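Derivation of every value follows stated rules applied to the coordinates shown; laboratory data play no part. Bear in mind the structure is a predicted one, so any value in this text is a computation, not a measurement. Virtual Cβ from ideal backbone geometry, glycine too; neighbours counted across all protein chains shown.
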Amino acid sequence: MLTKARIAIFQSKDVMKKSILCVLIICSLCFSLHPGRFASSYYSYIKHSDIANELEPSPLALALVKESDKPLCLLIPRELENTLQYPNESVTESDIRDLPQKLNIEEGGTWKPKECISQHQVAIVIPFRNRTTQLQIFLSYMHPFLQKQMLNYRIFVIEQATRGAFNRAKLLNIGYAEALKTFPYHCFIFHDVDLIPQKLSNIYGCTHQPRHMSSSLNTFRYNLPYQELFGGAVAILQKQFELVNGFSNIFFGWGGEDDDFQSRINNRGMTLCRFPPDIARYMMLAHAKELPSENRFLNLRSGRERFETDGVNTLRYTVIKLVYYPLYTWVLVDL
């Protein structure tokens, strides 16, 4: 015969089983609705058929064509191969040395098509420190990639000379400021050196809305790990970057600066977008992980208070060296 105590134990176990079952059902539903699986609409995914309409042509290019005998290049060149070979991870010094002449790259890592005027005038800004091998792989792959898209572009490598924690966001602000000293670029792409785009249809131009470019990454099995992700490679118009006051300058160490940048964009009433996952595919080159910043959450919580007073309008730095290398413009800075 069951005692009251035993009955109570069985009842409590039954309640526990039901609770666990409920949790499992909820988790299952959350997984099935995960943005990486069903392409969440947290950022709007541009339809394949709408990409050309969403791309933002350079006003300067539209003005130049009126004074030139050259036509405008197409926003999206015809017959782009959709998939490229995996980048060569054993790039030699000889490969790098021969590339400028082979591809007609001008000093400072700049190029534009000769037969037409590109509608994309793009500065690609890379924050950098201690990644020489990855940089060589990136450059050998990206120059042919960008030229097939008929872009007017320059690659900027902004290197932090200061010891201590890496400040990715401030380097991106510096890249923006230094790029505008060379040319009035209308589109900026802020790009980690370890990310390689896999589809030529992933046009390296700007859209009407700020765009998260690297949303489908091989290290996440081409799933989106969380809806709010806005890092790796992003594209934004020059006027929009000014409007949000760029990145924060105070994020030393890994993490937080991309979320803060997203908040700045949302704060100005802009929405974000992505190309479809089958286009926005990237592979990540192997690299050592950075240590997370201890202050990243505190900086994020106080971010809204600094949107107007911490950014490109308060940027301070010292250029130690500026060199126009054959494949890129190198800016060594003291933060």
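Quick notes
- Loop-resident trypsin sites (Lys or Arg not before Pro) (DSSP state other than H, G, I, E or B) in the stretch 47-134 with no more than 12 further Cβ atoms inside 10 Å of their Cβ: LYS47, ARG78, LYS114.
- Among complete DSSP H helices in the chain, those whose alpha-carbon atoms stretch at least 27 Å along the helix's long axis and whose mean Kyte-Doolittle hydropathy reaches -1.0 are 4-32.
- Counting Lys and Arg as +1 and Asp and Glu as -1 over every other residue whose Cβ lies under 13 Å from the Cβ of GLN101, the net charge comes to -2.
- Restricting the stretch 97-173 to GluC sites (Glu not before Pro) that sit in a DSSP loop and have at most 16 other Cβ atoms within 10 Å of their own Cβ leaves GLU107, GLU115.
- Take the Cα radius of gyration of the chain and divide it by 2.2 N^0.38 Å, N being the number of residues; the result is 1.16.
- Cα gyration tensor shape of the stretch 226-329, rounded if a/c is under 1.5, else prolate or oblate by comparing a/b with b/c: rounded
- Antiparallel content of DSSP bridges confined to the chain, in %, to 5: 45
- Restraint check, LYS66/LYS239; LYS112/LYS170; LYS47/LYS199, Cα-Cα greater than 19 Å: LYS66/LYS239; LYS112/LYS170
- Once the Cβ-Cβ distance of LYS47 and THR314 is raised to the sixth power relative to R0 = 41 Å, the FRET efficiency obtained is 0.55.
- Amide H contacts under 5 Å for LEU217: TYR222, ASN223, TYR282, restricted to partners 5 or more places along the chain or on a different chain, H placed in the peptide plane at 1.01 Å from N.
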